[in-house]
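Everything on this sheet refers to the single structure shown next.
No lab work stands behind these numbers, since they all come straight from the coordinates. All values reported here derive from a predicted model rather than from experimental measurement. Ideal geometry is used to build each Cβ from the backbone, glycine not excepted, and the neighbour counts take in all protein chains shown.
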Amino acid sequence: MKQKGLWGDEDSKKEIRKDPGVTSQSEKDADSEIRPMDEFGFVPEGAPLALRMTPRSFDEFLGQEELMGFGKPLRRMIEEDRISSMLFWGPPGTGKTALARLIASQTRSYFKELSAVTSGVREVRDVVAFAKESRKMGRRTILFLDEIHRFTKAQQDALLPHVENGTIILIGATTENPYFSVNSPLLSRMRVFRFEPLLPSHIETLLVRAITDRNRGLLAGDSSQEAGAETELEITKEGIETDYLKIESGVIDHIVSYCKGDARVALNVLEAVWNISETSGGKRVLTLRKTLDVTQSPTLIYDKTGDQHYDIISAYIKSMRGSDPDAAVYWLARMLEAGEDPRYVARRLVICAAEDVGLADPMALVIAESAFRASEHLGMPEVRIPLAEATVYVCLAPKSNSAYLAIERALADVRDKPPYAVPLPLRGTGYYGAEALGHGDGYLYPHDYPGHYVEQQYLPDELVGVKYFEPAETDFFAKKLKEVPSMGKKMGVIGAGTMGCGIAETALVAGYEVVLIDATEDLARKGYERIEKSLSKGVDKGRITPEAKEDMISRLRCSADYKELSGADVVIEAITEKMDAKKEVFKKVSHVVSKDALIGSNTSSLSITEMSKACEEPGRFLGIHFFNPVPVMKLVEIVKGENTALETVEKAKALCDELGKTPVIVRESPGFIVNRLLCPMLNEAAYLLMEGIASKEDIDTAMKLGANHPIGPLALSDLIGIDVLYAIMETLAAELDEHKYKPCPLLKEMIDKGQLGRKTGQGFYKY
């Protein structure tokens, strides 16, 4: 019987043999009707079922619809004979070799097939020599190189020039990720096509073909059977039956499940069961028992160095991150069953516990580390238990990547910014001469303070205010943090004067988004410019970086529209000391901000209880009195009105902590603490000057050197503002009915002249 090849008949074979090419033993047998399968695709007598069932047309090709469906790019390339170098990547038995041989039947090019398992550079050179001669005759040569990943770098390099100049069209096939196993220069000259495992429906179709096709299927080569049309199938509850065999129910389903999308495995199993089957009633019977005997060990697609390795470990980690214990345990089982090193799995488990669970449940890291230690002492199968235990724990633990993000942000600054100097108070003091250098000067030992905490600067000057760590809601200490409620990150400041701008600037340094409100857009804009100027001075003096300044300015908005306060977590009023004006402000604020927002007044003397009446929620209102200059002065007076809720006070304390301020709590009283003590002194200093007792310079010097005050009383009055001081004094005099609080006439005279202090350039001193 004359055999027709799958990719050319006997005549075409002889035609090709006349062309220059590789001499081989097969050429000596050119006249034989049936030969071992060669590069032209002739199927040998007695070839395995998997080889016999190789598709001969697009209609027979199963799977890879995204590549080979009607109108798809790869199919069009083949049909139009526009083949270029390409690489087929996918698991075994998905049609890579079959498609390459199908290409050979469709193209007008010569087709040479090599396997990287049995071939080397010499064989490649022979093919190249053949291709060069064929090219002179106007024929292209396609080289199909199976298992291309098994070629070394040098062997792959030998292909590169011939692919690049078009001497050969290379079609490579690999089961491993080509981005790991194929040289980049070679890979860049090839189109990569990804093959997926065949679907159960594809495998079923293939098995049916093998059963029904008398020419190529199970009956091929059986002289006792008549060749011809396909066998008819009868499907019953007992299984599948034809005129020559019976297949028990469950056999096909088991083979489909066992092969995991590998067509070659499916056909090999079917053939193996056929070979050991027995005849009953004139028919071969394929039983489920014998099928199970053939498939004692499942086939798993897994390569400890290839893409399956990386894909499955990725699925494992993502399943834990996504809190799906069923999926995570499944992928764990896949790896362990395939022989993955348990220590590798345990290391990934530890990483996931640290990165994805993190501070939400620090115990997850402890348990993961214990599983890792177990993997070093236990082997399979025992180690599967602690690994599964830790996997489930990590899955079900709450998730937080706050620590991971913190170190990533810090590393980014370390890499991108200069190595800033360690502040002197933090420098080492354990060697001779350190004290003379100023190392450790100003360091405050936290254990010497209540609660073992004291506020001080630990970051370099250039990074003050930078936040690397942002606790997540799920962090294990989140509940503790909520006991002292933390403020949000949007602040509204009403009043773009000296105090308002100082408060706004302090909030910007602390990382807040700030909205600066004033009566008109022009006034608000002037406040914006004042803050920008102050920050620029900080850059000039090296206190902040230009990048930090730009970041802060980007978080500052100015407006006359109270609607801009929407979403603010805290609003602080800092306008003139007039009760009616302040009440009007708070009415507007209450209608815009949420009921959870903190509302405070920077008043230095007015009644907090009275002001709170203008708020819809009086319990969230209090006094929050800063001192000028706000960015420098550490003290804040938190003033409780009659209606102020305890939670509001705690929120205000948390706000002070975020702003780097030290709060003192005071019950509502005119002047609170500082002004009630300070104003009489400032007022008396004005009387001393008015009465000619001493010069302004001497008065200030006396208090600085005699009372150790950092600034003299008259200079301090200029800083506060003469008009502000006068207003406070009038309020104190009225509320307390004390003569000592009656403002000095000199203060009224200076106000009338517009000599209000630093803000006007003239007060007790010129500026």
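Listed values, structure above:
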item	result
Filter on LYS613/LYS653; LYS467/LYS578; LYS653/LYS766; LYS549/LYS704; LYS578/LYS640 - keep pairs with C-alpha separation over 26 Å	LYS467/LYS578; LYS653/LYS766; LYS549/LYS704
Rounded to the nearest 20 debye, dipole of region 486-667 from Cβ charges on Lys, Arg, Asp, Glu	280
Entry for Cα extents along the principal axes in Å (calculated from the structure that is shown) out of (i) 100, 64, 49; (ii) 136, 62, 60; (iii) 91, 63, 54	(ii)
FRET efficiency for ARG347 and SER280, using Cβ-Cβ distance with R0 set to 51 Å, rounded to 0.05	0.40
ALA421 versus HIS452: modelled label distance in nm, points set 7 Å from Cα along the beta carbon direction	3.3
Helix 498-509 axis, angle to the chain major axis (alpha carbon atoms, nearest 10°)	30
Sequence ranges 544-550, 117-123, ranked by mean other-Cβ count within 10 angstrom, highest first	544-550, 117-123
Student exercise, the chain dipole from Lys, Arg, Asp, Glu Cβ charges, in Debye to nearest 20	1400
Of GLY542, THR287, ALA327, farthest towards positive along the dipole that unit charges on Lys, Arg, Asp, Glu beta carbons give the chain	GLY542
Difference of contour (0.36 nm per residue) and Cα-Cα distance, SER370 to ARG667	101.5 nm
Modelled FRET efficiency - R0 45 Å, ASP253 with ARG139, Cβ distances, 0.05 increments	0.40
Net length gained if the chain between LYS588 and ASP441 were fully extended (0.36 nm per residue, minus Cα distance)	48.0 nm
Most positive-pole-ward Cα, PHE627, HIS162, LEU396, against dipole of the chain from beta carbon charges	HIS162
Rounded FRET efficiency, nearest 0.05, which uses the C-beta distance separating TYR468 from ARG150 and R0 of 56 Å	0.70
Rg/Rg_globular for region 640-702, with Rg_globular taken as 2.2 N^0.38 Å and Rg from C-alpha atoms	1.68
Positive dipole terminus of the chain, leading residue within HIS739, SER277, HIS439 (C-beta point charges)	HIS439
Relative intensity, log₁₀ I(q)/I(0), of region 363-407 from a Debye sum that treats every alpha carbon as a point, q = 0.13 Å⁻¹	-0.34
Peptide ranges 606-618, 578-590, 506-518 listed from the most packed, as the mean C-beta count within 10 angstrom indicates	506-518, 606-618, 578-590
Principal-axis tilt of helix 722-736 within the chain, Cα atoms, nearest 10 degrees	70
Reachable aspartates and glutamates from LYS583, criterion Cα separation under 16 angstrom, eight or more residues apart if same chain	ASP518, GLU573, GLU610, GLU616, GLU617
Burial order of peptide ranges 552-563, 700-711, 94-105 (average beta-carbon count within 10 Å, highest first)	94-105, 552-563, 700-711
For region 528-659, Kirkwood radius (reciprocal of mean inverse C-alpha pair distance, Å)	16.0
Kirkwood hydrodynamic radius (C-alpha pairs) into Stokes-Einstein, region 307-402, 25 °C and 0.890 mPa s, D in µm²/s	193
Full-stretch length increase - LYS537, HIS739 - with 0.36 nm per residue and alpha-carbon distance subtracted	68.5 nm
